[in-house]
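Down below is the structure, laid out as structure tokens.
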Amino acid sequence: MAITSLASLKAAISRSQRFCLLPVSTTALTGGVTMTTSFVATVFGTLATPAVAGSGGTSYSQSGSGNGYPAWNAAPAGQVSYIHRGINQYAIGGTGILYDLLWGCSGFVTNTTTSAQTVSSTTLPSRNGSAVNAANEMWLFVGTTIGVTQTNVQISYTNQSGTAGRTATATLAASAAASRIYPCLLQSGDTGVQSVQSVTFQTLTGTDGAVSLLLMNRIAHLPGSPAVNYLAVSDFASSGLPQVADQAVILPVFLPYSSSGTSGPGCAFEIIQG
Amino acid sequence: MTISTMDQLVSAIASSQKLAFYTPSFTTVTGSFYAVNMATPSSFGTLALPANASAGGTTYSQSSPPAAGTLGWNAATGGNTSYLSRVALLSTTAVNLFLYDLLWSCSGLSTANSSQTVSWGSGSGLPSRAGSPGVAAELWVFPSANWPANIITLTAHYTNQSGVSGQLATATFYSSSPAWRAVQFVLQSGDTGIQSIQSVTQNATSGSTNYVLLLMNRVVSVFMQAANVGVLLDFAGVGLPVVSDAAVLLAIAQTGAATSGNILGQIDIAQG
């Protein structure tokens, strides 16, 4: 069953589960550079850094509260969970996107080698019993600041259809700071990733930064917040009622309006079921 | 069937298909327009340049799976209609995004030639879309290399939406205009669209820069007024336009800086 009428929508809203991701740490912001604080600290605890690439990384699925993401009561049998009503609240302005973190691996170094750094295996979780490789996105997360030299990155992967030898690309900015997260561009024609084979930093960055690779599904864009302490709210129509699996590990990606301030970004959203 | 009640709308939104995309930042000229699908790689790939004007150009209809450079979705079933129900746009620079249904395009035109024929009909002409696809079509042009150091006015000779031939549309490129920068033709006064294009003439010739014509229907316009501040348009904000399941969506981006910024967007297709 799904929400199919205004009455069922209203009933679902009346039973919504609400979550507020306020910042609990101060993080220096970089205007125009996406970031996430989930691996640093959240009101829901701290998301565990994924296992290293050599051990196959970490597959993520919801496993209760206190693990760095909100956990909600699963939808009753026959019902579907949706994101409803996103709220964006920044100390300095910006916007964000809610992602479902599927898999990640860590341990990549940026100033030691320009050879391929191997990922031993990739085990993607399922969501509501279905595979998740059709339309996932690949991102690079900076755990510790890299050096002063920008580097292009190539990621070797197997695409959504099982075709190996594909290459995704990304650029890590010079002095990319901790908690920054950078999107990767898949090879033309690809829509998703089944597995990752290696990561190559084409230029040494000057200092070894700790970088992780993440595979995520995009769930919901949050409304833009154009000014300091300006709340921006989306409703069912502007959120588009994206469905979200009850196994999802919510990871917000924020885009700060400017580099002013150190207060972490925050957001809120509601889960409705019908 | 069409969406005609609030219940149908809610149901369609709750089951809408979400098409997310990402376009890495590319170099632009502030305030200029760019055909994103062809100008730069995106998460949905790069749209290949069309066939030459002498071969009739290329007519566009969605394929399954979708061709590189296009966004595809599952077609509506059971007599339902597909609608654009929501647009989300985020960029690290202020950008206006215009989403089009690309009908037809041709390449092989050159600034070296003062008059060039478009062999309309030797290709497939206008594609099949509900209604008359050319009645409100816009004609755009962009060079695939830097424009020569001369101002050149292009004149497209076309047949308008009502079948009247011999109509003229004009577009001017300024000297050394960069590659991929798109300009819209101004149709002859009173015209709203194009059924076919017969030729392109130039008021001057210079160099040998190739350029591409695009004939397309506008679907939605999204205005992002500040960098890093995303825009959400719901069904009312986008106007719930009907989108043919055969549509090949092309984005024209007008950038507010010397780079486009990293663009993260999403469009929702609701069916009912």
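Numbers below:
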| item | result |
| --- | --- |
| For A:LEU222, residues with placed amide H under 5 Å, excluding near neighbours | A:GLY96, A:ILE97, A:LEU98 |
| Relative contact order (percent, whole number), chain A, Cα cutoff 8 Å, 6+ residue spacing | 37 |
| Antiparallel bridges, percent of DSSP beta bridges restricted to chain A (to nearest 5) | 100 |
| Gap separating the Cα centres of the range B:79-106 and the range B:22-75, nearest whole Å | 12 |
| Exercise: per-residue mean of other protein chain Cβ atoms within 10 Å, A:2-10 | 5 |
| Mean-position separation - Cα centroids, the range A:195-234 and the range A:83-127, in angstrom | 6 |
| GNM result for chain B, Cα springs below 10 Å: residue of B:ALA75, B:ALA145, B:ALA236 fluctuating most strongly | B:ALA236 |
| P(r), alpha carbons of the range B:10-111 - 5 Å bins starting at zero, rounded % | 2, 9, 17, 21, 19, 15, 10, 5, 2, 0, 0 |
| Relative packing of A:97-105, A:196-204, B:25-33, which averages over residues the other C-beta atoms within 10 Å, highest first | A:97-105, A:196-204, B:25-33 |
| Net charge of neighbours whose Cβ lies under 15 Å from the Cβ of A:GLN89, counting Lys and Arg as +1 and Asp and Glu as -1 | +1 |
| Length-normalised contact order for the range A:82-164 - Cα pairs under 8 Å, 6+ apart - percent | 20 |
| Burial ranking of peptide ranges A:171-178, A:74-81, B:9-16 (average Cβ count within 10 Å, highest at the top) | B:9-16, A:171-178, A:74-81 |
| Cα lying deepest toward the dipole's positive end in the protein assembly as shown, options A:VAL233, B:PRO65, A:SER63, charges on Cβ | A:SER63 |
| Rounded if a/c under 1.5, otherwise prolate or oblate - the range A:105-144, Cα gyration tensor axes | prolate |
| The range B:1-69 - percent relative contact order, Cα under 8 Å, separation 6 or more | 25 |
| Dipole of the protein assembly as shown, positive end: most advanced residue of B:GLY45, A:ASN128, A:PHE19 [Cβ charges, Cα centre] | A:PHE19 |
| Three-way shape call for the range B:144-250 based on the alpha-carbon gyration tensor, with the a/c threshold at 1.5 | oblate |
| Peptide A:136-143, shielding by other chains (average Cβ, 10 Å cutoff) | 1 |
| For the range B:90-107, Karplus couplings with θ = phi - 60° (6.51, -1.76, 1.60), whole Hz, Gly/Pro x | 9, 8, 7, 9, 5, 9, 9, 10, 10, 9, 10, 9, 6, 8, 7, 7, 8, 10 |
| Cβ neighbours within 10 Å from other chains - mean over B:74-86 | 1 |
| Rounded if a/c under 1.5, otherwise prolate or oblate - the range B:170-224, Cα gyration tensor axes | oblate |
| Helical mean residue ellipticity (222 nm; -39500 (n - 2.57) per DSSP H run of 4+; nearest 500) of chain A | -1000 deg cm²/dmol |
| Residue with peak Gaussian network fluctuation, chain A [Cα springs, cutoff 10 Å], from A:GLY45, A:GLY96, A:GLY165 | A:GLY165 |
| Rounded to 5, percent antiparallel among DSSP beta bridges of the range B:107-230 | 100 |
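Values in this text are rule-based calculations from the coordinates and carry no lab data. Since the structure is predicted, the reported quantities are computational estimates derived from the model, not experimental observations. Don't worry about glycine lacking a Cβ; one is built from the backbone with ideal geometry, like all the others, and counts go over all protein chains shown.
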